[in-house]
1. Hey, among R261, R226, which residue is surrounded by fewer than 17 Cβ atoms within 10 Å (Cβ to Cβ) and part of a helix (DSSP H, G or I)?
2. Please go through (1) modelled with pLDDT under 80; (2) open to solvent by 50 Å² or more (accessible area, probe 1.4 Å); (3) under 26 Å from G191 (Cα atoms) for S275 and return the number of the only condition it doesn't satisfy.
3. Select from the range 205-217 the residues that are under 18 Å from the mean Cα position of the chain (by Cα) and either open to solvent by 20 Å² or more (accessible area, probe 1.4 Å) or not small (G, A, S) (or both) and list them in ascending order.
4. Note down all Cβ pairs under 8 Å where the first residue falls in the range 85-113 and is free of Cβ contacts under 8 Å to residues at least 40 places away in the same chain, the second is in a helix (DSSP H, G or I) and of a type outside the set (A, V, I, L, M, F, W, C), and they're at least six residues apart or on different chains.
5. Is it true that some residue in the range 325-341 is modelled with pLDDT of 80 or more, in a loop (DSSP other than H, G, I, E, B) and of a type outside the set (K, R)?
6. Kindly indicate whether S130 is free of Cβ contacts under 8 Å to residues at least 60 places away in the same chain, more than 24 Å from L24 (Cα to Cα) and either part of a helix (DSSP H, G or I) or out of contact with any strand residue (DSSP E or B) (no Cβ under 7 Å at 6 or more places or on another chain) (or both).
Amino acid sequence: MSKLQEQVEPVPVDQIREVIRAQLGRPVDEVFREFDDEPLAAASIAQVHRATLKNGRRVIVKVLRPALRKQLAVDLNILTSFADLLARKAAWARRIGIKSLTEGFIQNLHEEIDFSHEFNNIRQMKKEESPDVYIPVAYKEYSTPDVLVMEYLDGVSLSKAGRVLHRDPEARARLADDLFREMLTQIFEKGLFHGDPHPGNILLLRDGQPAFIDFGSVGRLSDIQRNGFKWLLIGIIRSNADSMVTGVKSLVENSDEIDTRSLEQALSQFLAEHSFEGDILDEMGKDLFDIMGRFSLQFYPDVATAFRSLIILQGSLQTVDPEFNLADVLDSYMKSILKIGNLKKTALDSVKTIC
């Protein structure tokens, strides 16, 4: 499965050159000083080539696979029909809002195959960039819905970083810790986060700094939703079902339908059955989503994306540092941001939301 993230059968380069010519209005040789016909990576949505601009800047050129939109339309029609069938035939599918989830997934896919959305995502992420994780520069004058040109980053994917750092366990641990803290900061403090941090979308640069690439999926959370996440995690970490209920009310679309007492009892049982250790996102996440389904509660699409991003990143980091302790990082991070002043503001915001 990991090979599918960056090793799909490549498109012939003449087709790639034709897409660039049609999109930029000039042949490849008039746009770039150099263009490498051998793809750097080939994925299911796009193919990436190295190139050099006329001014000497090294870039990568991301090109949408020809005929992808036509094939995607067929696939999405099948997916929509299947979701409709499940909604009619399966009670569990209706409870989790299968049609709404499918519509959100389809909307995300449409955005991923329009590189103008990705360009805007990169620009916004670059503005919020932290010193710990690098975000590449994207070039507007060379970017269209089917072509995206951005800064070339010299490094290895996270799937290979573990082998590079195999003799330095401290560096592996530091890399994993920095990346997860960055994701937590993006979700809880900035409300703007990478939506698909699998190992192929994270690079370890030659200077040792990690970098995110591929911004087709970027999530955005409101202040209310970010506070809801904080309360949910406070409740999980402190085994407090009441705090979890407060968080859930800010994270679901149909909060007015919540049977507060019954949900608190279900979450109390959930906490009694789980310990805050090990692969908590996998183990606890599945049961938490089951509870949401049982109560017919539907997470906002970007909230579901945030959960997914944390789960994906946890798996990605374990390829680098098998000893990565998610519980310790989460506990430490929540203590650092939930100081008395922040906690009071979170409480006030949550009270306003509930009222």
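The values are calculated or read from the model by the stated rules, or taken from the named source; none is laboratory data. Values in this document were obtained by computation on a predicted structure and should not be read as measured data. Every residue, glycine among them, receives a Cβ derived from its backbone with ideal geometry; neighbour counts consider all protein chains shown. Surface accessibility is based on the protein's heavy atoms, side chains included, excluding ligands, DNA and RNA. Shrake-Rupley method; radii C 1.70, N 1.55, O 1.52, S 1.80 Å.
1. Working: R226 fails: surrounded by fewer than 17 Cβ atoms within 10 Å (Cβ to Cβ).
Within the list R261, R226, the selection yields R261.
2. (3)
3. Taking the range 205-217 first, the residues under 18 Å from the mean Cα position of the chain (by Cα) are 210-217.
Correct list: P210, F212, I213, D214, F215.
4. From the range 85-113, the pairs are A87/R94; A87/K99; K99/D84; T102/T80; I106/T80.
5. no
6. Details: free of Cβ contacts under 8 Å to residues at least 60 places away in the same chain: yes; more than 24 Å from L24 (Cα to Cα): yes; either part of a helix (DSSP H, G or I) or out of contact with any strand residue (DSSP E or B) (no Cβ under 7 Å at 6 or more places or on another chain) (or both): yes.
Considered against the rule, which asks whether it is free of Cβ contacts under 8 Å to residues at least 60 places away in the same chain, more than 24 Å from L24 (Cα to Cα) and either part of a helix (DSSP H, G or I) or out of contact with any strand residue (DSSP E or B) (no Cβ under 7 Å at 6 or more places or on another chain) (or both), S130 comes out as yes.
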